[in-house]
Each structure stands twice: as C-alpha cells, then as structure tokens.
Amino acid sequence: MHESVLEVKGLVKNFSSSRGLFGWQVVDNFAVNDVSFSISSAETLGIVGESGCGKSTLALTIMRLYEPDSGTICFDGTDITHLSGSDLKQIRRQMHLVFQNPLAAFDSRLSIEQIIGEPLEIHGVGDQSSNRDDIAVLLRRVGLYPEDMHRYPHEFSGGQQQRIGIARALAINPRMIICDEPVSALDSSVQAQILNLLRDLQDEFGLSYMFISHDIAVTAFMSDRIGVMYAGKLVEIGDAETIIAAPGHPYTQALLAAIPDPDPSSRKTDLQIVNKSEDLASPPSGCAFKTRCPLVREICSVEVPQLRTIHSSQQAACHFA
C-alpha cells in the first residue's frame, strides 16, 4: 500500500442546540463522533450511510470548513487540525470538494471560464492567457468543449454541470478530491458516465478519493475500501470486496439487503432494520443502533461496541459481528 495522504484520528464535530419552550435544555448533536481512518495515495475510500448520519459533516470538517471539536486531521504528514491563514490555504490547494449539486456551488453570474479559473486565481497560478489554455484542456478532459468556457452554468444539463465541477476541482492539480454524493441527483446512465470519468481521472492523475454516498452499490463500484457510518460513527470499515461479500455489522447487512435484485433467491440476507424509536441527538448508552437492530441483546444497551478486527481487512463495531 502506498503512503497515507489523509489520516483522521478520533475526529469529533458537535452541534449544540436548545430545546424546550424557553430553550433551557442544551442538547448535543454529535454529527461526527470519534471517527478514525486513513486514505492512501491513489486509493478510494467510500463513506456510505443514510441521510443524516454525518457523512457530509465529516467531509466539511476534514476540509476545515467546520472547526473540529477534538481529534486530529493529518494531510500528507502535516497536522492541519488547527492550521489557519496562508498555511491552511496551501493545504486546501491539495484538497478539493465535488458537491452533490454543482449548480448550487457555482456563482450563476460567472462564465464557465471564470468558475474553473477561480481556484487558479485564488492561488495565484499562471496568467489569464495560460489559464485559458489550461481550462480548455480541462474541459476536453472531462468531455466538454473549449468553446463551452464562454457559456454559463444554467445552460448545461446536470451531468455536464458535474463535469464542470470536476474540472474545477482538477484545476490546480490536487492530491485528493472529496466527492460528496456526486451522482445522486443524476439519471442512471449519466451516473455511470460520471463514475467512469472519475475512475479514469484517478488512474491518469494518481488521485486519492473520499467518495461519499448513500448508495452502497455505487460506493462498492468506486471504492477500494468502504467505511459505513451510522449516527456519526464508523460502524464498519474494510476492503470493499470483503464487506460486500461478507458484511459484519447488521446495519451494513441491511443496506446490502435493500439493494433491488431481480432474482430474490440470490439475496445474501433478508435482515431488515426495525423502526427507529430513539433520539440520536446525543450519544445513547450502549450501541446507537440498538433500537433498530434485529440482533439486539442486553449487552447492546450497556456497552458501546468498538471497532474490532473480524477479518484481516475488515473491522466492525458490533458485539456480534
């Protein structure tokens, strides 16, 4: 395995809110709760889980768009947890985000040339003439035309807008790209085109990806390893093929069981999660998944399960994995 590009240890991001008629009760919402993982050079780590589990908050905290409450974030051997100013700016040159809705991430008043060229301008790269040439090359590389740089975001389809977002992320040669639900708003055929483009670009430029999705099938297609999040925690992490073939955590098993299959007899498990009945705004006693888990036992209400090795390339946070 290549050297580590990103290493996250014990990361916590908490949002506090008030409840009650007079706002007297302060409730902690641990959107990211003691999360640890690493991403190696040219590797894709998929982060999968249902909406609200903390995937996007994790991405924004790693990018330091949210300030972490505790834990460490190391990028390329440098601790960036508390960096600021020009030091943080230099790190952000090496990490970029591709968003779920590219149109919302673009300034509609700017042309495509200005949108893709914005990172170059911010980081003082090149001049207008050389940057225009680079933008033309980038547009070709993502399947668009150089003359498209004079158009505006609303003139493009959703898939084309996402190609523009990818071109912008590539503009200053980052080492890692965080893809936050990059295909969830697209039709299936367009999804496949964007996913294949991302894989081709990874091979060409040696990129590392953190690929966030609620779709475990898409995540498996893209990823070397998969991390499964539930209620702010990583409940399983390991080699993608191993997790898909033999999921250890009951939540991962349920995610896989939910994938539509034209042949019901081929389904690996019929395990279904039960109704959610517990408020997860603050860490519950025991396992956070216990109110939805069909395998729950007494220990699950008392002891928080920790990630433990259940296979040479797989860890799960379940007492019965």
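Before moving on, here are some points about what is shown:
- Every listed requirement among (1) in contact with a helix residue (DSSP H, G or I) (Cβ under 9 Å, 6 or more places away or on another chain); (2) at negative phi is met by Leu88 save one, (1).
Results for (1) under 21 Å from the mean Cα position of the chain (by Cα); (2) over 27 Å from Ala42 (Cα atoms); (3) aliphatic (A, V, I, L, M), shown as yes or no for each residue.
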site: Leu97; (1), (2), (3): yes, no, yes
site: Arg109; (1), (2), (3): no, yes, no
site: Leu120; (1), (2), (3): no, no, yes
site: His123; (1), (2), (3): no, no, no
site: Ile166; (1), (2), (3): yes, no, yes
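- Count of residues meeting criterion [under 22 Å from Cys179 (Cα atoms) and polar (S, T, N, Q)] in the stretch 115-169: 4
- Screening the candidates Arg132, Arg141 for the property of being farther than 27 Å from Glu3 by Cβ and basic (Lys, Arg) yields one hit, Arg132.
- Test result for Gly165, out of contact with any Lys or Arg (no Cβ under 7 Å at 6 or more places or on another chain) and either among the hydrophobic types (A, V, I, L, M, F, W, C) or modelled with pLDDT of 95 or more (or both): yes
- Leading residue by the ranking (modelled with the lowest pLDDT) among those in the stretch 79-131 that are part of a helix (DSSP H, G or I) and touching a strand residue (DSSP E or B) at 6+ places or on another chain (Cβ under 9 Å): Ala105
The values are calculated or read from the model by the stated rules, or taken from the named source; none is laboratory data. The model shown is predicted, which means the values in this text are computed figures rather than measured ones. Cβ coordinates were reconstructed from backbone atoms using ideal geometry, including for glycine residues, and neighbour counts include every protein chain displayed.
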